[in-house]
Amino acid sequence: MKSEKDVRDLFVHAQQKSPSMIFMDDVDAFSVPKYDVQKRISSEFIQQLETLKLSNVRDLLIVGLSNKPWKLDTNFLQWFPYRIEIPLPDESNRYKLLEKDLKESNISVTQEQLLELVKSTEGFTGSDIVVVVKEALMEPLRMIEKATHYVKDKDTNKWAPCSPDTPGSVQMTWTELSPGDLMEPKATMDDVRNGLARCSPTVNKDELELFRQFKGLHNINY
């Protein structure tokens with residue numbers, strides 16, 4: 001949102017389309033505004049909430065999402081009496097997330113390897129896991145860019161990167177090949193491991209402690 005008018009228009013539109021929901025990501029930006037424009041927008045947002053309360057509107061749901069709820073201003077927080085924690089994915093959910101993302105990315109892993117990844121991603125968020133898989137998909141592309149030798153696959157008659165001592169290897173770079181002559185790169189479990197090595201959980205121990213303290217001070221449900 002760029003102005004107070006955007007906030008007013010949003011609430012008007014939501015009420016016209018009721019029952020409806022206004023979902024606000026990173027709501028802490030409204031709670032602790034840093035700049036004059038943000039302060040005006042935040043003030044307008046609070047005013048709209050007060051108007052809804054006085055109007056006794058019941059068919060409009062306001063949902064705010066924050067990764068750092070301890071930063072929320074107390075006066076702002078009072079407008080959200082129902083607070084729900086979405087915890088980090090446990091082993092069961094990490095298994096489902098990894099299984100789904102790997103399958104959709106056409107990366108084949110064994111059951112044992114999948115369980116290895118579940119253990120290795122403890123403390124990761126769902127979006128962290130998505131980043132790991134994306135990093136794995138980049139590994140074959142990095143190999144193609146770095147390769148100095150290629151070998152022609154007998155089945156597809158296309159070129160694949162290889163080491164210089166591979167039988168039948170030809171010294172060349174990927175820029176010398178047309179896209180149709182290059183074998184489609186496929187990521188493997190090793191690529192997933194390399195991708196995992198490049199990534200770290202976005203939620204650290206200090207933040208987890210702040211979450212714990214916040215839960216102790218407020219009514220938080222799962």
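The values are calculated or read from the model by the stated rules, or taken from the named source; none is laboratory data. Computed from a predicted structure; not experimentally measured. Neighbour counts run over all protein chains shown; Cβ positions are idealised from the backbone, glycine included.
Number of residues in region 15-69 that are touching a residue at least 40 places away in the same chain (Cβ under 8 Å) and either closer than 30 Å to Asp206 by Cα or not assigned by TED's automatic domain parsing to the domain that holds Pro81 (or both) equals 17. Within region 1-34, the set of residues being in a loop (DSSP other than H, G, I, E, B), under 16 Å from Leu72 (Cα atoms) and not aliphatic (A, V, I, L, M) comprises Asp25, Asp26, Pro33, Lys34. I'd like the full set of residues that are surrounded by 11 or more Cβ atoms within 10 Å (Cβ to Cβ) and either on the phi > 0 side of the Ramachandran plot or part of a loop (DSSP other than H, G, I, E, B) (or both), limited to region 60-84. Those that are surrounded by 11 or more Cβ atoms within 10 Å (Cβ to Cβ) and either on the phi > 0 side of the Ramachandran plot or part of a loop (DSSP other than H, G, I, E, B) (or both): Leu65, Ser66, Asn67, Lys68, Leu72, Asp73, Trp79, Phe80. When the residues of region 127-150 are filtered to those that are β-branched (Val, Ile, Thr) and under 15 Å from Arg193 (Cβ atoms), the one that is surrounded by the most Cβ atoms within 10 Å (Cβ to Cβ) is Val132. Right, Asp165: surrounded by fewer than 16 Cβ atoms within 10 Å (Cβ to Cβ), part of a loop (DSSP other than H, G, I, E, B) and on the phi < 0 side of the Ramachandran plot or not? For Asp165, the condition - surrounded by fewer than 16 Cβ atoms within 10 Å (Cβ to Cβ), part of a loop (DSSP other than H, G, I, E, B) and on the phi < 0 side of the Ramachandran plot - is met. For Phe124, the criteria (1) under 16 Å from the mean Cα position of the chain (by Cα); (2) crowded, with 17+ Cβ neighbours inside 10 Å; (3) modelled with pLDDT of 95 or more; (4) part of a helix (DSSP H, G or I) hold in every case but one, which is (4).
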